[in-house]
Structure formats: C-alpha cells, structure tokens
1. Between residue 148 and residue 130, 0.36 nm times their residue separation minus their Cα-Cα distance comes to what?
2. When each pair of different Cα atoms in segment 60-111 is counted once in the 1/r mean, what is the Kirkwood radius in angstroms, to one decimal?
3. Which residue fluctuates most in the GNM of the chain (Cα springs below 10 Å): 175, 90, 36?
4. Who wins for biggest fluctuation among 184, 232, 126 in a Gaussian network model of the chain, springs between alpha carbons below 10 Å?
5. Compare 172, 103, 139 in a GNM of the chain, Cα atoms joined below 10 Å, and give the one with the largest fluctuation.
6. Hey, what number do you get for the chain at 222 nm if only DSSP H runs of n ≥ 4 count, each worth -39500 (n - 2.57), divided across all residues, to the nearest 500?
7. Going by how many other Cβ atoms sit within 10 Å of their own, how do 158, 206, 9, 246 line up, fewest first?
8. Over segment 1-82, how many percent of alpha carbon pairs lie in each 5 Å bin up to the one with the longest distance?
C-alpha cells in the first residue's frame, strides 16, 4: 500500500541526528525520496545505509554558508528531479544569561537558526514555484512562543522563525506553497547537551527530571511533520505546537 507521501521529493536540514534524522526516517517510510543535509557526512551516510540508499541522498553542508546552502538545495532538486518539501530543521541551542555571554554563541545561533533557514528557503522558493508549488516546514520551538530568563537570544531566534513563517505564508500562498511552523517542547535530542553554563545545565536536568518518562522523542515531532505534509492540497496546517503532556511552559 502506497505511503501518504509517495513520490514526494524532500530536503531535510540538520538531518544527522535528533528531529532531522527521525524526520528523514519517517518521510522514507511514507514513500518520499529525501535529500538529507548536515555537516557530519559520516552520520548521514550511516542514516542512508540504514534507511535505504536509493531513498536517501546524503549531502554534507553547512547551511550558514549561503553559497553552500544554495548549491545544496539546487543540486538536491536536480538529483531528485524536483522539490516538493523543504524542512528547515537545522538548529543550535546555546543558553545562558546575556550578561557575560560568549557572543560567539549568539553568532552561531543567529547564523544557523535564522540565516541558514533563510538561505535554504530563498533557494527553494523559485524551484518550488517552477514545479507548481510545495511545502516548507520551519522547525521553531516552544521558545518561539514563551521567553524565559537564560534563553533570551535563543528566544529571539525562535520567535524570528515563527514571525518569518507567518509572513512567508502570506507571501507564497498564491504560488501554491504551504508553510508550516512546528514548535516542539522538550525533546530528548543532542541539543541540550551543547550547553555548559551551570545554571542552564541545572535547569535542563530539573525539567528532564520533572518530565520523567514523558519527555518527547524525536519521532513524535517527525510524526507531526508527516501529518502536516500529508493533508490534502486545500488544507494548510500553519502552526503546530507539541509539548510533553506535563510540560508547563
């Protein structure tokens, strides 16, 4: 029986782990062909081998490099003979107080969370337009809806993704391009492990302890993404907020 995304051609950024990796797996299960992009080629090749090398094309790319991001999107579309779906999932979460912060952390978050998403979207829009339409999924966060002390710059980038997604939706609807912003709550991925500030580590550990077995898995978010992509053409799910049942904010 054909999957719900049979024949779709998709690009996923940040595909070497976490939500991106799980999304690639979910897309392939539903019949899509996927171009998986991330910096860690070895992880991508292992993913392609596990899921099926005919269905997954691995591309090592740094989306913060505008030329590299554009080439990745254009080469992927040429390789797959079209582009129906772009999932802007690549992201960095480096939390901590603004006072005394390492500004290189700010630059990394802005470059990946905002500019990387913009570069890939900018390259994908004309390709989708020429193909008669498509679907762009931007992975934001619950941090794009609720700001908290210690995550000000991360909040800024994720609020930006939410705002950009809504403005883009209005711009491209006549081109038959749907836009969805997905906002996960606490998900068990590598993302939290990049933080070293004692206050942040303590906060993350406390939340993980409070949620217990109720922490979201990457596959939960992948399932939500597949659901939005599989709706009929006249249905656009523009925003999806997914929290663990016991997550308060």
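1. Working: separation 18, 0.36 × 18 = 6.48 nm, distance 4.17 nm.
That works out to 2.3 nm of additional length.
2. Numbers: mean 1/r = 0.0757 Å⁻¹.
Computed over Cα pairs of segment 60-111, the Kirkwood hydrodynamic radius comes out at 13.2 Å.
3. 175
4. So, out of 184, 232, 126, the one fluctuating most is 232.
5. Looking only at 172, 103, 139, the biggest GNM fluctuation is shown by 103.
6. On the way: 8 runs with 106 residues, N = 249.
The helix contribution divided over the chain gives -13500 deg cm²/dmol.
7. On the way: 158 28, 206 10, 9 21, 246 14.
Listing 158, 206, 9, 246 from fewest to most nearby Cβ atoms yields 206, 246, 9, 158.
8. For segment 1-82, the binned pair fractions read 3, 18, 29, 26, 16, 6, 1, 0, 0 percent.
Every number here is computed from the coordinates shown, using simple stated rules; none is lab data. Small disclaimer: the values here were computed from a predicted structure and weren't measured. Methodologically, a virtual Cβ is constructed for each residue, glycine included, from the backbone with ideal geometry; neighbour enumeration extends over all protein chains shown.
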